[in-house]
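Undergrad: To start, I am sharing the structure in question, which I have written as structure tokens.
We did not get these values from a lab; they are worked out from the coordinates using the rules stated. Treat the numbers as computed from the prediction; the structure is a model and nothing was measured. Cβ placement follows ideal geometry from the backbone for every residue including glycine, while neighbour counts extend to all protein chains displayed.
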């Protein structure tokens, strides 16, 4: 990272940003171009391991690309505002960037993933029709590298 003064290495600070962020961008290796898609998400953080969960349709480019290569990049950020300073203009933000692998999960793992997604979206323990899980894909993203950056 070029700006080491903005790097976040403390895991609890990174988790705090994930808790406050609302959209996760999932990047994949496309056939001709990289492919990125914004998603709602949920996550778990146990010790040093962060696992993300997202959902989507059973068909589509995302699933096609992941079947070929399940290595992914994720990004989320919180934009605060633009600011004019003596040196020019800047943006105040907090962000998290991670790398890992994505896999579709089913059964109890899909239920767990949906529970984390609902909780992160503000609907912890909300009842839902579990048969809906048969119509969608729940992806579990296991991160192997995670970093944060902020300018506030």
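Undergrad: If you take the Cα atoms of the chain, find Rg, then find the Kirkwood Rh from the mean of 1/r over all pairs, what is Rg/Rh? Please list the in-between numbers first.
TA: Numbers: Rg = 16.6 Å, Rh = 16.5 Å.
Radius of gyration over Kirkwood radius for the chain works out to 1.01.
Undergrad: In the calculated pair distance distribution of region 46-96, what percentage of Cα-Cα distances lie above 19 Å?
TA: Percent of Cα pairs beyond 19 Å in region 46-96: 56.
Undergrad: Compute the FRET efficiency between residue 134 and residue 12 as 1/(1 + (r/R0)^6), taking r as their Cβ-Cβ distance and R0 = 41 Å, and round to the nearest 0.05. Write down the numbers at each step before the final one.
TA: Values: r = 37 Å, r/R0 = 0.90.
Rounded to the nearest 0.05, the efficiency is 0.65.
Undergrad: Taking the 0 to 90 degree range and rounding to the nearest ten, how far is the long axis of helix 11-20 tilted relative to the main principal axis of the chain, both from C-alpha atoms?
TA: The answer is roughly 70 degrees.
Undergrad: Related question: Just to confirm the number: angle between the C-alpha axis of helix 107-120 and the first principal axis of the chain, 0 to 90 degrees, nearest 10?
TA: 40
Undergrad: Sequence gap at least 6, Cα distance under 8 Å: using those rules, report the relative contact order of region 4-151 to the nearest whole percent.
TA: Values: 287 pairs, mean separation 46.8, N = 148.
Taking the mean separation of contacting Cα pairs over the length of region 4-151, I get 32 percent.
Undergrad: Expressed in nm to one decimal, what extension gain is obtained for the pair residue 57 and residue 126 from 0.36 nm per residue of sequence separation less their Cα-Cα distance? Mind dumping the intermediate values first?
TA: Numbers: separation 69, 0.36 × 69 = 24.84 nm, distance 2.13 nm.
Stretched out fully, the residue 57 to residue 126 stretch lengthens by 22.7 nm.
Undergrad: Given R₀ = 30 Å, FRET efficiency for residue 87-residue 20 by Cβ-Cβ distance, to 0.05?
TA: On the way: r = 28 Å, r/R0 = 0.93.
My answer for the efficiency is 0.60.
Undergrad: Which order do peptides 3-12, 49-58 fall in by mean Cβ count within 10 Å, highest first?
TA: Numbers: 3-12: 11.4, 49-58: 18.5.
So the peptides 3-12, 49-58, ranked by packing, come out 49-58, 3-12.
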